[in-house]
Protein chains: 2
Amino acid sequence: MTFEETLAEAAGEVQEIVYRFLPEETGTQKELLSAMNYSMTAGGKRLRPMLMLETYRLFGGTSESIYPFMAAIEMIHTHSLIHDDLPAMDNDEYRRGRKTTHIVYGEAMAILAGDGLLNLAYETACRAFAVEQDALRVGKALQVLSAKTGISGMMGGQSVDVASCGCNLSEEQLDFIYRLKTGALIEASMKIGAILAGASDEEAAVVERVAADVGMAFQIQDDILDVTSSQQVLGKPINSDEKNHKTTFVTMKGLENAKKEVAAISERAIDTLDGLNRKNPFLRELIFSLITRKK
Amino acid sequence: MTFEETLAEAAGEVQEIVYRFLPEETGTQKELLSAMNYSMTAGGKRLRPMLMLETYRLFGGTSESIYPFMAAIEMIHTHSLIHDDLPAMDNDEYRRGRKTTHIVYGEAMAILAGDGLLNLAYETACRAFAVEQDALRVGKALQVLSAKTGISGMMGGQSVDVASCGCNLSEEQLDFIYRLKTGALIEASMKIGAILAGASDEEAAVVERVAADVGMAFQIQDDILDVTSSQQVLGKPINSDEKNHKTTFVTMKGLENAKKEVAAISERAIDTLDGLNRKNPFLRELIFSLITRKK
């Protein structure tokens with residue numbers, strides 16, 4: 001099989017696992033459940049649960065205790081997309097070719113659907129207590145999940161982006177937003193995979209460093225594609241950062257420096273991963289593909 | 001000391017505990033932290049953490065493992081108030097005599113502050129793993145917290161209220177909203193207190209029934225006060241339900257039946273509590289005062 005075929009198969013596997021944890025659309029509150037499922041089934045790369053599962057496998061994990069956390073991280077990611085798209089935030093009407101949640105269900109229900117998914121993430125993750133004997137291990141994973149999602153993680157980064165409208169950022173602010181808004185959930189994904197598989201604290205810390213590099217390279221590659229790709233390849237308008245007066249790594253440091261930075265961080269990420277002396281060739285290729293992607 | 005003096009002292013103790021878990025307003029994301037703290041320090045009865053602490057004491061709990069959960073339940077309650085007040089929801093400009101979060105910080109930051117508090121609740125509750133030796137007990141408390149908050153709890157109830165605008169409700173819808181929107185967090189508060197103190201599953205289930213009655217009586221008493229009290233005593237406009245065409249227990253069944261219902265449910269709650277054969281006179285008086293309150 002080519003890497004693309006393996007990737008497609010892995011994405012199918014991950015999606016099937018995530019879907020198991022979606023609520024059935026019944027009961028008095030079914031409109032809320034329908035709004036939540038609408039956004040959860042809107043597609044996407046399922047990158048975060050995939051990185052989680054493959055890191056879990058890297059450390060020899062084989063049980064289903066990882067499944068609830070895979071669903072949880074995708075719910076948190078989807079929560080952030082629903083709230084980002086709201087009129088008071090980015091005011092987006094379309095995402096991945098479908099109308100956004102507030103366009104279909106109204107603004108009030110979209111706010112509640114986002115809240116509902118954030119909360120369901122924790123409710124779902126708690127189901128791991130019934131699968132994994134070691135309750136403290138699940139507790140550690142919950143700590144990482146909540147810390148990387150919250151005020152010192154994704155939400156902290158998002159708030160700085162919102163408060164500054166992403167414009168005229170200082171280097172420090174840009175770094176803060178990239179590390180937290182994009183990076184923190186990728187760090188959570190890989191670190192939780194390691195923890196639930198029984199990795200040592202030292203190993204989990206190494207994995208976290210790899211994930212931080214992956215997140216940063218992924219985001220800078222996004223900036224690069226915005227100026228070098230085409231709408232046809234990317235599936236969305238290019239040069240959007242310039243149009244929106246967004247400060248990005250490319251506008252701040254220039255395209256050539258951005259490319260050099262991605263290459264340097266990627267190399268470091270792969271080297272650090274290899275230094276663990278554990279083998280998961282698919283994870284290695286997956287990380288490589290994220291960083292060198294053309295769309 | 002009179003009950004009122006004991007209550008004031010208890011409220012001070014609870015508030016001091018909750019405040020320990022609020023974030024320091026520093027760092028790049030300090031506007032978010034400031035918006036979160038603004039609403040957390042806006043006053044209120046601190047009823048939920050107080051019920052949690054007193055139920056914990058009812059079952060002989062003495063450690064600090066309950067503290068993070070007390071802060072967490074108040075954060076979740078405050079999250080729901082911030083999002084309820086948003087323009088797309090109730091569009092309220094004032095709460096307890098202060099401007100609401102979105103008026104002071106803007107709508108985008110208010111959405112994020114609500115999200116931030118919901119997430120911080122779980123991040124904070126996870127700190128109990130470091131205090132309580134029995135990780136599975138903390139896990140059980142987390143399960144209850146997330147289940148009672150989410151789609152089958154507070155948020156589920158809120159979504160039905162929003163979808164119906166609270167008007168022309170069927171008896172079934174009204175019961176659903178009362179049990180979930182108000183009742184679920186009170187059930188979580190008391191049940192978590194019981195669980196963390198080491199109560200048996202049977203005892204925790206009894207406590208849950210008491211809490212469900214307390215929540216229902218509390219909500220119907222709210223409806224009664226809206227038509228029988230005065231703005232001076234209540235501190236907010238009366239007859240607001242009629243003005244907003246809200247279906248309430250009083251509009252559906254009449255004032256006299258509402259009063260009888262509160263009396264019957266309260267008596268049952270106190271009887272069930274007494275049946276546990278455990279003593280916490282303050283908790284008993286607290287429950288009694290909530291149900292017979294004049295404001």
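The table below gives the values:
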quantity	calculated
Residues that are among the hydrophobic types (A, V, I, L, M, F, W, C) and either open to solvent by 40 Å² or more (accessible area, probe 1.4 Å) or at the interface with chain A (Cβ under 8 Å from one of its Cβ atoms) (or both), drawn from region B:111-144	B:Ile111, B:Leu112, B:Leu118, B:Leu120, B:Cys126, B:Phe129, B:Ala130, B:Val131, B:Ala135, B:Leu136, B:Val138, B:Leu142
Residue check, A:Arg20 charged (D, E, K, R), in contact (Cβ under 8 Å) with a residue 24 or more places away in the chain, over 22 Å from A:Val214 (Cβ atoms) and buried (at least 19 other Cβ atoms within 10 Å of the Cβ)	no
Residues satisfying the stated conditions in region A:57-90, i.e. within 30 Å of A:Arg278 (Cα to Cα), open to solvent by 10 Å² or more (accessible area, probe 1.4 Å) and either polar (S, T, N, Q) or modelled with pLDDT under 95 (or both)	A:Thr62, A:Ser63
Residues of region B:157-181 satisfying the condition of being free of Cβ contacts under 8 Å to residues at least 40 places away in the same chain and within 15 Å of the chain's Cα centre (by Cα)	B:Gly157, B:Ile177, B:Arg179, B:Leu180, B:Lys181
Count - residues of region B:71-91 that are touching an Asp or Glu at 6+ places or on another chain (Cβ under 8 Å) and not in a helix (DSSP H, G or I)	5
Residue count for region A:145-165, restricted to those that are at the interface with another protein chain (Cβ under 7 Å from one of its Cβ atoms), over 17 Å from A:Glu187 (Cα atoms) and open to solvent by 30 Å² or more (accessible area, probe 1.4 Å)	2
A:Lys99 vs. criteria away from chain B (no Cβ under 13 Å) and within 19 Å of A:Ala11 (Cα to Cα)	no
Every residue from region A:98-110 that is touching a residue at least 60 places away in the same chain (Cβ under 8 Å), open to solvent by 30 Å² or more (accessible area, probe 1.4 Å) and not aromatic (Phe, Trp, Tyr)	A:Val104
Residue under evaluation A:Asn168, criteria (1) surrounded by fewer than 20 Cβ atoms within 10 Å (Cβ to Cβ); (2) closer than 30 Å to A:Lys279 by Cβ, criterion not met	(2)
Where a residue in region A:215-230 is over 13 Å from A:Thr292 (Cβ atoms) and its partner, wherever it lies, is among the small types (Gly, Ala, Ser), with Cβ under 7 Å and at least six apart	A:Gly215/A:Gly183; A:Met216/A:Gly183; A:Asp223/A:Ala258; A:Asp226/A:Ser240
Verdict on A:Thr26 being more than 14 Å from chain B (Cβ to nearest Cβ) and either surrounded by fewer than 16 Cβ atoms within 10 Å (Cβ to Cβ) or not charged (D, E, K, R) (or both)	no
Unique match (being open to solvent by less than 20 Å² (accessible area, probe 1.4 Å), within 16 Å of B:Gln143 (Cα to Cα) and hydrophobic (A, V, I, L, M, F, W, C)) among B:Ile220, B:Ile224, B:Ile192, B:Ile177	B:Ile192
Subset of region A:238-285 (residues that are of a type outside the set (Lys, Arg), more than 27 Å from A:Gln173 (Cα to Cα) and without any contact (Cβ under 8 Å) to a residue 24 or more places away in the chain)	A:Asp271, A:Asp274, A:Asn277, A:Pro281
Test: A:Glu187 is more than 10 Å from chain B (Cβ to nearest Cβ), part of a helix (DSSP H, G or I) and either touching a His at 6+ places or on another chain (Cβ under 7 Å) or closer than 30 Å to B:Lys140 by Cα (or both)	yes
Any chance B:Thr292 is of a type in the set (Val, Ile, Thr) and under 30 Å from B:Asp134 (Cβ atoms)	no
Residue in region A:21-56 that is modelled with the lowest pLDDT, counting only those that are among the basic types (Lys, Arg) and within 17 Å of A:His77 (Cβ to Cβ)	A:Lys45
Boolean, A:Glu25 is among the acidic types (Asp, Glu), in contact with a Ser or Thr (Cβ under 7 Å, 6 or more places away or on another chain) and not in a helix (DSSP H, G or I)	yes
Residue check for A:Glu203: touching a residue at least 60 places away in the same chain (Cβ under 8 Å) and either acidic (Asp, Glu) or farther than 30 Å from A:Cys167 by Cβ (or both)	yes
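A quick yes/no check of all residues on (1) among the acidic types (Asp, Glu); (2) loosely packed, with under 14 Cβ neighbours inside 10 Å; (3) modelled with pLDDT under 95:
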| site | (1), (2), (3) |
| --- | --- |
| A:Ala184 | no, no, no |
| A:Met216 | no, no, no |
| A:Pro237 | no, yes, yes |
| A:Arg268 | no, no, no |
| A:Leu276 | no, no, no |
| A:Phe288 | no, no, yes |
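Matching residues to (1) farther than 28 Å from B:Gly157 by Cα; (2) more than 14 Å from every other protein chain (Cβ to nearest Cβ); (3) of a type in the set (A, V, I, L, M):
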site: A:Met1; (1), (2), (3): yes, yes, yes
site: A:Glu13; (1), (2), (3): yes, yes, no
site: A:Leu33; (1), (2), (3): no, no, yes
site: A:Met36; (1), (2), (3): no, no, yes
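The values are calculated or read from the model by the stated rules, or taken from the named source; none is laboratory data. The structure displayed is predicted, hence computed values, not measured ones. Note: ideal-geometry Cβ built from the backbone for every residue, glycine included; neighbour counts use all protein chains shown. Accessible surface areas use protein heavy atoms only, side chains included; no ligands, DNA or RNA. Shrake-Rupley method; radii C 1.70, N 1.55, O 1.52, S 1.80 Å.
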